[in-house]
1. Of the residues that make up the range 18-31, is at least one surrounded by fewer than 14 Cβ atoms within 10 Å (Cβ to Cβ) and either in a strand (DSSP E or B) or in contact with a strand residue (DSSP E or B) (Cβ under 8 Å, 6 or more places away or on another chain) (or both)?
2. Taking V169 and the conditions (1) modelled with pLDDT under 95; (2) closer than 30 Å to V144 by Cβ, which numbered condition does it fall short on, given that it satisfies the others?
3. Looking only at the range 93-102, decide whether some residue is closer than 30 Å to Q168 by Cα and either assigned by TED's automatic domain parsing to the domain that holds V36 or more than 22 Å from the chain's Cα centre (by Cα) (or both).
4. Sort out which residues of the range 34-43 are exposed (fewer than 12 other Cβ atoms within 10 Å of the Cβ) and in a strand (DSSP E or B), and write them in order of number.
5. Considering every residue within the range 107-124, establish whether at least one is in contact with an Asp or Glu (Cβ under 9 Å, 6 or more places away or on another chain), farther than 30 Å from W63 by Cβ and hydrophobic (A, V, I, L, M, F, W, C).
6. Among the residues of the range 87-101, write down those that are under 30 Å from D54 (Cα atoms) and touching a Pro at 6+ places or on another chain (Cβ under 8 Å).
7. Can you pull out the residues in the range 135-164 that are surrounded by fewer than 15 Cβ atoms within 10 Å (Cβ to Cβ) and either out of contact with any strand residue (DSSP E or B) (no Cβ under 9 Å at 6 or more places or on another chain) or within 29 Å of N113 (Cα to Cα) (or both)?
8. Report the residue count in the range 83-115 for those that are of a type in the set (V, I, T), surrounded by fewer than 16 Cβ atoms within 10 Å (Cβ to Cβ) and within 25 Å of E44 (Cβ to Cβ).
Amino acid sequence: MQLLWIMDQSYDVLPEPDAVYAFSSPLLVPTSPPGVPVDLRPVEKPNRFFADSDVGFRLSAFWEGWDLTLNYLYHYDDLPVLFRTVSLRPEGPLVTLAPRYKRTHLIGGTFSNAFGDLTIRGEVGFSFKRFFLTNDRDDLDGVVETDLLEYVVGFDWYRIEETLVSLQVFQSRVTDQVPGLVRDRVDTTLTLLFRREFYNDTLVAEMIGLHNLNAKDGLIRPKVSYALNDNVTVWTGVDLFYGSRKGLFGQFDQNDRVVFGVEWGI
């Protein structure tokens, strides 16, 4: 058994609304009627040292060749929920967005086993009381509360020397029928990774692709890294986005980029 206590209340750092990679997908950002101004309030971040800590545990076991775990986490979601209110003023309506972080209980497990050159692995998690955007006109705050089931199955193939081929299937499923839900009740994403090592693992070339079946969008990322020595690795890659601007990847369809990095360790 492992016990976990996270005292640091840190969350995702989101781009500013006018940034190059600012979120614009309706899956993440509520939309307002044309001409209606939006007032985005500062996010309310939990900051109580003990009361806002994240806690959890893990039970691990090995059974007939399978590595198994049972996990629980009581935590704040790293992305804030955008609660919406609409007010009527003499000069016209105003949409106010009040971002707030919300807690959830997450329970799940993992499994993995090797069958020769093939490794099969997976994860499953069930989250209680998650919040999602809704376009239901009768909804007062623009979000709905429901449970969420998420799971992934991965297949890693090592048959070719110094080469990894990995396929993963991610799926999330909203458990309740809720009116006006912006996202699909069932969302599926596929990933495919090719990785090849050269010169005693000092040079690594890889290509990863992510494709969402619902929005028909995705990301292709070729990358090359080189270990200068045991402590320093340099790498470069390209992020190629495609698909509908309504999707999580497609919203950046016009923002392909070249990236560089240096990793240094002691």
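The values are calculated or read from the model by the stated rules, or taken from the named source; none is laboratory data. Bear in mind the structure is a predicted one, so any value in this text is a computation, not a measurement. Glycine gets a Cβ as well: all are built from the backbone with ideal geometry, and neighbour counts include every protein chain shown.
1. Checking the range 18-31: not a single residue is surrounded by fewer than 14 Cβ atoms within 10 Å (Cβ to Cβ) and either in a strand (DSSP E or B) or in contact with a strand residue (DSSP E or B) (Cβ under 8 Å, 6 or more places away or on another chain) (or both).
2. (1)
3. Kept after step one, since they are closer than 30 Å to Q168 by Cα, are these residues of the range 93-102: 101-102.
From the residues that got through so far, the ones that are either assigned by TED's automatic domain parsing to the domain that holds V36 or more than 22 Å from the chain's Cα centre (by Cα) (or both) too are 101-102.
Yes, because at least one residue in the range 93-102 is closer than 30 Å to Q168 by Cα and either assigned by TED's automatic domain parsing to the domain that holds V36 or more than 22 Å from the chain's Cα centre (by Cα) (or both).
4. D39
5. Checked against the condition, which is being in contact with an Asp or Glu (Cβ under 9 Å, 6 or more places away or on another chain), farther than 30 Å from W63 by Cβ and hydrophobic (A, V, I, L, M, F, W, C), the range 107-124 yields no hits at all.
6. Of everything in the range 87-101, those that are under 30 Å from D54 (Cα atoms) and touching a Pro at 6+ places or on another chain (Cβ under 8 Å) turn out to be L97, P99, R100, Y101.
7. Within the range 135-164, R137, D138, F155, W157, R159, I160, E161, E162, T163 meet the criteria.
8. Matching residues across the range 83-115 total 3.
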